[in-house]
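Reviewing the structure listed below.
The values are calculated or read from the model by the stated rules, or taken from the named source; none is laboratory data. Values in this document were obtained by computation on a predicted structure and should not be read as measured data. Here the Cβ positions follow ideal geometry from the backbone for every residue, glycine too, while neighbour counts run over all protein chains shown. Note: accessible area is taken over every heavy atom of the protein model, side chains too, but ligands, DNA and RNA are not part of it. Shrake-Rupley method; radii C 1.70, N 1.55, O 1.52, S 1.80 Å.
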Amino acid sequence: MTTTDGVPDPGPRTATQREVSAEIATAAGAAPRTDGHPDRAYLPYRSTALRAPQRPLVVSPPSLTELAAPVFGIADVTPIEADLTRHHTGDPLGERIIVTGRVIDGDGRPVRNQLVEIWQANASGRYRHEGDQHPAPLDPNFTGGGRALTDEDGTYRFVTIKPGAYPWRNHTNAWRPAHIHFSLFGTAFTQRLVTQMYFPGDPLFGLDPIFQSVTDEKAQQRLIAAYDHDVTEPEWALGYRWDIVLDGAHATPPDTDDPDGA
Amino acid sequence: MLELTPSQTVGPFFAFGLPFSGGGDVVPVGTPGAITLHGTVRDGAGAAVPDALLEFWQAGPDGRVPARPGSLRRDGRTFTGFARVATDRAGDYRLRTLRPAAPSDAVQVRHAPHLAVTVFARGLLHHLFTRVYFPNHVQANADDPLLAALDEERRATLMAVPDGGVTGPGYRFDVRMQGPGETVFLDLSAHGLAQPPAETVETPETP
């Protein structure tokens, strides 16, 4: 067995999918976190065992620093970074797709001119990472990392290829549903979000501890992009739409910014 | 209110997606007043975490929270206040920055100078927030609403420890994700979702 997880197995015996699925079913019966985020201590995802804090979070008012967010601009991101199919001399293998959507806050306000970052496996389900030993081919024409800025409407847009599913060592015969990792900033550091976008109808949803760590079914649906034929471009690429709602809706903090700032 | 998009783990393979060249170089080598901040991220068994990603966000020495682009492609002059560093195989991270001052609006909560920190890692389904404070701000730390609410042992987990840097003052800040000496992690959502920051201010000190 190879590892795609980069670490020794946590226990002496690897659980079966049946056992993990039973754990998922048990966890699904527990009350979900009210904010829709997963519980950090989630037994079916084995790596949480030593990495989830045991003590309760300490409730604190955010500081002025935390009520502001890093600013990114055209100096940070070049347009080609949003087209992951053009990072090498040749075309990557796989199904070319367009992924677009809006980044908004809880009040529906667009998060403007803010950084969106993605990373993903190639069409074969292989990451360009030394820790990924999945015996699927690397694609010399695909790296799998992209960046973009949202526009005035909060809209981002990437061109990429559809990533493949891949095995990992959480338990025996564990497979991740195809997904694209997303990293997002809001207007406050407290809105920071890293998450994963999934594709509709994936048969692995019910079996995957990471997807199932979101125990509320409606919240799960918010991780799944919609196929959108209006995004699809003729003779070119299939289109998916995925809107992202960040935590909180913060007013602009008092002006402590450098007056020379952007 | 719209329902938010749930968090998912950063996973083990973020290395080609998130870290960027110079991510820990908030200021260049040789910058007057530069400090190094470094430490080790450890899990509940005390083992180094080689696949964590830390972000640091801070005010500058003037107490202003920067609103300047350029973190991803640093120009060597602009203080953007943002760092992103991955841990290495030994679980270590390092950055070079300037000491923050407290944002200067006297009406606001009197937080002592600090760096805001997010911790991401494989096995962490939702990132963690914490803060780095500096021990020399004795009075400001005593007045800080978060530090004041913690006992000495927990408070110590948020305090950078001077340890003599190579190219300037150095500080150590270790992150213990779980177990003995577990770092204080923060729930910053208690301010209410739609409320302006003014709702979070504390009564100014009376003269």
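Open to solvent by 30 Å² or more (accessible area, probe 1.4 Å) and within 22 Å of B:Phe120 (Cβ to Cβ), is that true of A:Asp247?
So A:Asp247 passes the test.
Answer yes or no: is there a residue in segment A:48-66 that is under 17 Å from A:Leu115 (Cβ atoms), in a loop (DSSP other than H, G, I, E, B), free of Cβ contacts under 8 Å to residues at least 24 places away in the same chain and touching a Gly at 6+ places or on another chain (Cβ under 7 Å).
no
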The one condition in (1) within 28 Å of B:Pro135 (Cβ to Cβ); (2) surrounded by 19 or more Cβ atoms within 10 Å (Cβ to Cβ); (3) of a type in the set (D, E, K, R); (4) facing another protein chain (nearest Cβ under 10 Å) that B:Asp62 fails to fulfil: (2)
message: I'd like the full set of residues that are over 22 Å from the mean Cα position of the chain (by Cα) and crowded, with 23+ Cβ neighbours inside 10 Å, limited to segment A:67-106.
response: A:Leu67, A:Ala68
query: If you check B:Pro69, B:Pro28, which single one turns out to be surrounded by fewer than 21 Cβ atoms within 10 Å (Cβ to Cβ), in a loop (DSSP other than H, G, I, E, B), at pLDDT 95 or above and not basic (Lys, Arg)?
result: B:Pro28
query: If the Cβ limit is 9 Å and pairs must be 6+ apart or interchain, which residue in segment A:111-137 that is without any contact (Cβ under 8 Å) to a residue 40 or more places away in the chain pairs with which residue that is charged (D, E, K, R)?
result: A:Arg128/A:Asp139; A:Ala136/A:Arg126; A:Pro137/A:Arg126
query: Which condition number in (1) open to solvent by 10 Å² or more (accessible area, probe 1.4 Å); (2) in contact (Cβ under 8 Å) with a residue 60 or more places away in the chain; (3) more than 8 Å from chain B (Cβ to nearest Cβ); (4) not in a loop (DSSP other than H, G, I, E, B) is the one that A:Arg147 fails?
result: (3)
query: Say we look at segment B:129-139 and pick out the residues that are within 25 Å of B:Leu54 (Cα to Cα) and free of Cβ contacts under 8 Å to residues at least 40 places away in the same chain; which of these is nearest to the other protein chains (Cβ to nearest Cβ)?
result: B:Tyr133
query: Taking segment B:1-34, which residues are out of contact with any strand residue (DSSP E or B) (no Cβ under 6 Å at 6 or more places or on another chain) and more than 27 Å from A:Asp35 (Cα to Cα)?
result: B:Ala15, B:Phe20, B:Ser21, B:Gly22, B:Pro28, B:Val29, B:Gly30, B:Thr31, B:Pro32
